[in-house]
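These notes concern the structure reproduced below.
All of the numbers you see were taken from the coordinates with simple rules; none came from a lab. This one's a predicted model, so the numbers in the text were calculated from it and none came from an experiment. Cβ atoms come from the backbone with ideal geometry, glycine included; neighbour counts cover every protein chain shown.
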Amino acid sequence: MTTTRTPAANRFQPIDPQPDDAVPMPNQTDKTLAQIRTELLTTFSAADWESYNHLVGWLRDTDVASHALKVGDDAPDFLLPDADGRLHSSEQLRRNGPLVLSFFRGGWCPFCTAELCALQAAKDEFETVGATLAVVTPETGDFPRQLKRSLGLDLKVLSDVDYGVAMSYGVLFRVPYETKAHYSGLGFDLGARHGSPVWMLPIPATYVIDAEGRIRSAFVEPDFTIREEPAQILASLRQAASTS
């Protein structure tokens, strides 16, 4: 099922390179992502709210999510480096079972880091049903490795170099000027974090892809504060297994 919704802690703390002996940040795995979202929204300033409403409204008006791949589509093949520079192919990742592929914006986004911690907490359950979990970010260089260390992650964090995979899945958009100005004012240089002069981001999206490369579940969300709960992903995995 494809889900595309429109919108009914600490604010914007980026994960930046830290010393190798840095202590992992604590996470909140006892809460749902919806609960963490509610808490994070209470930390928004007036400027944050203005930027948030502008971006989500713009994404809805331009219907960017309609270009995303849907259930039944063939998932594009890819070859991407992980946080340590090792290459992973989509065929390899789904060789022994379904692949859960989640696109996130970056370590500077608290909604993304909350999602990553929730996925980490559910990793053993994914493996119990035979699934492999991989997350994809436009961040390159040392940022993915430092993100893993800072959050204590044991996930495959893949760098979408030059935005090619997000583009092939139809979840990529060019950051509008107003959003770029707001993020720049907060100290986020996405061009430097992405290794590209062009500021682009993925719409948060999570796909369940079967061993044959067919998309069995798709969650595509223009509102970057809303993410698919791990329990929903597990339910999709179990449903896919029962109908395969």
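Per-structure values
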| quantity | calculated |
| --- | --- |
| Value of [θ]222 nm, deg cm²/dmol, for the chain, DSSP H segments ≥ 4, -39500 (n - 2.57) each, nearest 500 | -10500 deg cm²/dmol |
| Lysine pair number, Cα distance threshold 26 Å (strictly under), segment 29-242, separation 8 or more or different chains | 9 |
| Label-point separation in nm, THR43 to THR62, each point 7 Å along Cα→Cβ | 2.8 nm |
| Per-residue ³J(HN,Hα) for segment 73-81, Karplus 6.51 cos²θ - 1.76 cosθ + 1.60, θ = phi - 60°, Hz, x for Gly and Pro | 6, 7, 6, x, 6, 8, 9, 10, x |
| Positive-end residue, segment 102-186 charge dipole about Cα centroid, Cβ charges, pick of CYS109, ALA121, VAL165 | CYS109 |
| Where no second cysteine Cβ lies under 4.7 Å, the cysteines concerned in the chain | CYS117 |
| ALA192 versus THR243: modelled label distance in nm, points set 7 Å from Cα along the beta carbon direction | 4.7 nm |
| Listed residue (SER90, VAL64, PRO197) projecting farthest to the positive dipole end of segment 29-242, Cβ model | SER90 |
